[in-house]
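The values are calculated or read from the model by the stated rules, or taken from the named source; none is laboratory data. Computed from a prediction, not measured in an experiment: that's the story for all the values here. Neighbour counts run over all protein chains shown; Cβ positions are idealised from the backbone, glycine included.
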Amino acid sequence: MFAVLAAWVASSGEPADATVRWVDAALERAAGPVEPSALPLLVLSLILIEDFERAIGVTTDSIDAGTADGDIPSISASLTWRACAHYRCGNIPAAESDARMAVETARKFPRGIYTLFSAAALVEVLVERGEIGGAASVLEEAGDPGDAEGMLFNLFLIHARGRLLSARGEHQSAVVCLRDVAERTKQAGWLSPALACWRSDLALALAGLGEREEASALAQEEVELARAFGRPRALGVALRAHGLVEGGALGVSLLADAVSVLERSAARLEYARALVDLGGTLRRVNQRVLSRERLSDGARVAARCGASTLVERAHQELLVAGARPRRFGPELRDQLTASERRVADLAASGMTNREIAQALFVTMRTVETHLTHVYSKLDINGREPLAAALAASVR
């Protein structure tokens, strides 16, 4: 019941602090791993209030418990929620690893809510990677969510489709998709800007069509809601969208506010995005020196997040701004494939090769091959320095 209260308060748009006490109460009463019926509500609440560290901890405990019990549906659900937490705090490689495994495990069962949810999580990640074709394929395989059970997960998939359409420059189709998200959230009473920042995304799509008046109104509305909610990621996302819609001197001011807010948050991807957009806007108002500084900072943070598309955009902006930027290569962890990252993470956590093979439903030989590749790419000689090498690569 405490988990139910936490999720309802968090999604309805009440100040985030009102959710914290219900989350704390739920976790205090959980003896060991959170039971499957409460897990989605509790992790959703933790993600919305931007307590990503505890969200990752809770889902990791659930994955461990599911692995011990052979509970594949629980593993799939927990992997998807953990992917969402990793994505929101800007660890794209970890998010991709979890999302891919969640999609794979969801395929073992008839199509259900976690088929939709895991697909949505993977689409978000692939868009950040610049793998637009791959994201479209995931959506096609997931199918039309329609109005089947699991309305929240339908919403996530439709929102992911809207973002993909925007990334492809199909603003008119994106607007239709995002208006559907808006209608569904309003019907459900989900007013929190942290649940689905559809106002920001819709504002940017409308701005792409030249519909500035509605775009500005939506962006301002989300800023007001995010200020009331009281968490930096939500506010930074809203300020960034408002700044991009307005442009000019006002846009610079709003984007600078977004950077300032996000700098203090755990949401490193959104911080990188705000830096790059501020740099681009500064260039357009002819403040080229400051523009290059912000763009370089944004590219560096984006590379650490593994956000390939954003790194490339920052590079192109730097060229236009008259800089000779160095290419930000992939971080060490970003060089690993999704399968290698999964194995590396489990090995770094202390699991044996046999335990990893059982957890991932692969052979021992596959685990050994992946670890050999990981050691080579990270330039280490075994398990002992693995955890430190992985941690250093995402700082």
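When residues in the stretch 194-215 are screened for being surrounded by fewer than 24 Cβ atoms within 10 Å (Cβ to Cβ), assigned to a helix (DSSP H, G or I) and in contact (Cβ under 8 Å) with a residue 40 or more places away in the chain, 2 of them pass.
Taking Ser12, is it closer than 24 Å to Asn154 by Cα, of a type outside the set (A, V, I, L, M) and without any contact (Cβ under 8 Å) to a residue 60 or more places away in the chain? Give the steps one after another, and end with the answer.
Working: closer than 24 Å to Asn154 by Cα: yes; of a type outside the set (A, V, I, L, M): yes; without any contact (Cβ under 8 Å) to a residue 60 or more places away in the chain: no.
Against the criterion (closer than 24 Å to Asn154 by Cα, of a type outside the set (A, V, I, L, M) and without any contact (Cβ under 8 Å) to a residue 60 or more places away in the chain), Ser12 does not qualify.
Working carefully through the options Leu178, Leu218, Leu235, Leu191, find the one that is crowded, with 24+ Cβ neighbours inside 10 Å and either touching a Phe, Trp or Tyr at 6+ places or on another chain (Cβ under 6 Å) or more than 20 Å from Asp277 (Cβ to Cβ) (or both). Lay out the reasoning, then the answer.
Details: Leu218 fails: either touching a Phe, Trp or Tyr at 6+ places or on another chain (Cβ under 6 Å) or more than 20 Å from Asp277 (Cβ to Cβ) (or both); Leu235 fails: either touching a Phe, Trp or Tyr at 6+ places or on another chain (Cβ under 6 Å) or more than 20 Å from Asp277 (Cβ to Cβ) (or both); Leu191 fails: crowded, with 24+ Cβ neighbours inside 10 Å.
Every option except Leu178 fails the conditions.
Within the stretch 276-286, restricting attention to residues that are out of contact with any Ser or Thr (no Cβ under 9 Å at 6 or more places or on another chain) and at pLDDT 95 or above, the residue that is surrounded by the most Cβ atoms within 10 Å (Cβ to Cβ) is Val276. Of everything in the stretch 362-371, what is β-branched (Val, Ile, Thr) and modelled with pLDDT of 85 or more? Give them in sequence order. Passing the criteria: only Val367.
Hey, does the stretch 260-271 have a residue that's surrounded by fewer than 19 Cβ atoms within 10 Å (Cβ to Cβ), among the polar types (S, T, N, Q) and part of a helix (DSSP H, G or I)? Don't jump to the end; show me each part of the working.
Restricting attention to the stretch 260-271, the residues satisfying the condition of being surrounded by fewer than 19 Cβ atoms within 10 Å (Cβ to Cβ) are 260, 263-264, 266.
This time we only want the ones that are among the polar types (S, T, N, Q), so: 260.
This time we only want the ones that are part of a helix (DSSP H, G or I), so: 260.
Yes, the conditions are met somewhere in the stretch 260-271.
Residues that are part of a helix (DSSP H, G or I) and over 19 Å from the mean Cα position of the chain (by Cα) within the stretch 28-62 comprise Glu28, Arg29, Asp61, Ser62, listed in sequence order.
Here Leu46 fulfils each of the conditions (1) surrounded by fewer than 24 Cβ atoms within 10 Å (Cβ to Cβ); (2) at pLDDT 95 or above apart from (1).
Looking only at residues of the stretch 49-65 that are under 24 Å from Leu225 (Cα atoms) and among the hydrophobic types (A, V, I, L, M, F, W, C), we find that the one that is surrounded by the fewest Cβ atoms within 10 Å (Cβ to Cβ) is Phe52.
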